[in-house]
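What follows is a short report on a single structure.
The values are calculated or read from the model by the stated rules, or taken from the named source; none is laboratory data. As the structure is a computational prediction, the values presented were derived from the model and not from experiment. Here the Cβ positions follow ideal geometry from the backbone for every residue, glycine too, while neighbour counts run over all protein chains shown. Surface accessibility is based on the protein's heavy atoms, side chains included, excluding ligands, DNA and RNA. Shrake-Rupley method; radii C 1.70, N 1.55, O 1.52, S 1.80 Å.
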Amino acid sequence: MRKSILVIIAAYLLILISPVFVHALPEDPAKGGLLLAGKGCLKCHSIKGVGGTIGPDLGVVDLGDTGLDLAAKMWNHTPAMIEGMKKAGIVKPTLTAEEFSQITAYLYFLRFKDVPGNANAGRYLFGLKGCSSCHPVSGKGREGERALDDFPRNISPVFLSQAIWNHSLQMMAQMLRAGRQWPTFDGTEMMDILAFIRSYAKGQEEPALSRPGNPVEGRRIFEKKECVSCHSVFGEGPAGGIDLGRRAEAFYKSPTQIASDMWNNAPEMLLVRIARSQITMPRFTSNEMADVLAYLYSLHYVGGPGNAEKGEALFSKLRCSQCHRVGGKGGKLIYIDLSKLQNQDPSEIVADIWDHSMQMRKLMGIKGIPWPQLKKGDMADLVQYIRNPQNKKKQEGKGKN
């Protein structure tokens, strides 16, 4: 009882001191799609062929970057966007911080989906991975395992991920008794197996279809299920565990591929982490699994903090300091004080940059300053410097990995 209370207190404290993400976790990434249309973006851009043709199709190009790297891409293409809008007679829309975050989150989540599996490939994998030794096509397995024709007809990828995860402890015991190795899944293998199961599934429909995952809710479940006892996120959490924030880019893939990673690492979690810490294996409902998968997928989008010292060097190198004043420095050509942006949320800063980009473009043309191009990670460093110019020395060694 005492240990459980301590774990709950630790989880609560973790919520209070959890890191400020570059962008807030999106609660409903689909909202950004409505904004994209409402702000007139689809007059120039299309989504999977639907929309304008002046700009690139946002449903085709790979936008799997952090929120600030997406903002950097928008910055890099601002001159071309301004010219394109001018020719088309389109007024450049303004964006609040929340709107900017919602749109970039929507673009990031466009690829968060599973491709259809191949039932023939799944049949082969079902035998190769040893699934057929326990799960028959019909009837019951040797120890009462579920048959394929008993699975619900509406079985979804998230339901399958949740079902096999919840039974992983039981499966491991059976595999040890049978002398079988733990099967692992790569690429679309789990989707292929799902397609094979679907070809036989005849069971009564049940709550197998989950709603779209909610990253905010997924973070809460991640903490509630005591995952935070072993995993840290961007340096916040227990030492020695795998920092999921540091390897967040590895989660930029389909929900079932993320679930496959969880399954592949289950033996280590069961035999090492959980056994040593005496934490029970977490179980999930379909909706909880959907939320956790969405949370893990979003970690790369929200990103870790930039490096303020690098940001200061960039601020000078890119000639931002010729017009802008930060921390009492800069603003020689044009005095534009950015002190109002100190300690602001990063999304507030990038939205402010977006809203003033036309004026920037005009002034930079007058002063003969070339439009600076930002590389991956540059925007995070610049934003961190603008937010905390006096604390840049404290950031040394704490930048992105």
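To keep it simple, each residue is scored yes or no on (1) farther than 20 Å from Met358 by Cβ; (2) of a type outside the set (D, E, K, R); (3) at pLDDT 90 or above.
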| site | (1), (2), (3) |
| --- | --- |
| Ile8 | yes, yes, no |
| Leu13 | yes, yes, no |
| Gly32 | yes, yes, yes |
| Gly52 | no, yes, no |
| Gly67 | yes, yes, yes |
| Leu107 | yes, yes, yes |
| Ala119 | yes, yes, yes |
- Query: Only one residue in Lys332, Lys317, Lys340 is without any contact (Cβ under 8 Å) to a residue 60 or more places away in the chain, open to solvent by 40 Å² or more (accessible area, probe 1.4 Å) and under 19 Å from Ala380 (Cβ atoms). Which one?
  - Reply: Lys317
- Task: Exactly one condition in (1) modelled with pLDDT of 90 or more; (2) on the phi > 0 side of the Ramachandran plot is not met by Arg123; state its number.
- Result: (2)
- Note on the structure: For segment 373-390, the count of residues that are exposed (fewer than 15 other Cβ atoms within 10 Å of the Cβ) and within 28 Å of the chain's Cα centre (by Cα) equals 3
- Residues satisfying the stated conditions in segment 128-137, i.e. in a loop (DSSP other than H, G, I, E, B) and of a type in the set (A, V, I, L, M, F, W, C): Cys134, Val137
- Message: I'd like to check something: does segment 271-278 contain any residue that is among the polar types (S, T, N, Q), over 26 Å from the mean Cα position of the chain (by Cα), at pLDDT below 85 and surrounded by fewer than 17 Cβ atoms within 10 Å (Cβ to Cβ)?
- Response: yes
- Query: Which residues, counting only those in segment 113-127, are open to solvent by 40 Å² or more (accessible area, probe 1.4 Å), touching a helix residue (DSSP H, G or I) at 6+ places or on another chain (Cβ under 6 Å) and in a loop (DSSP other than H, G, I, E, B)?
  - Reply: Asp114, Asn118
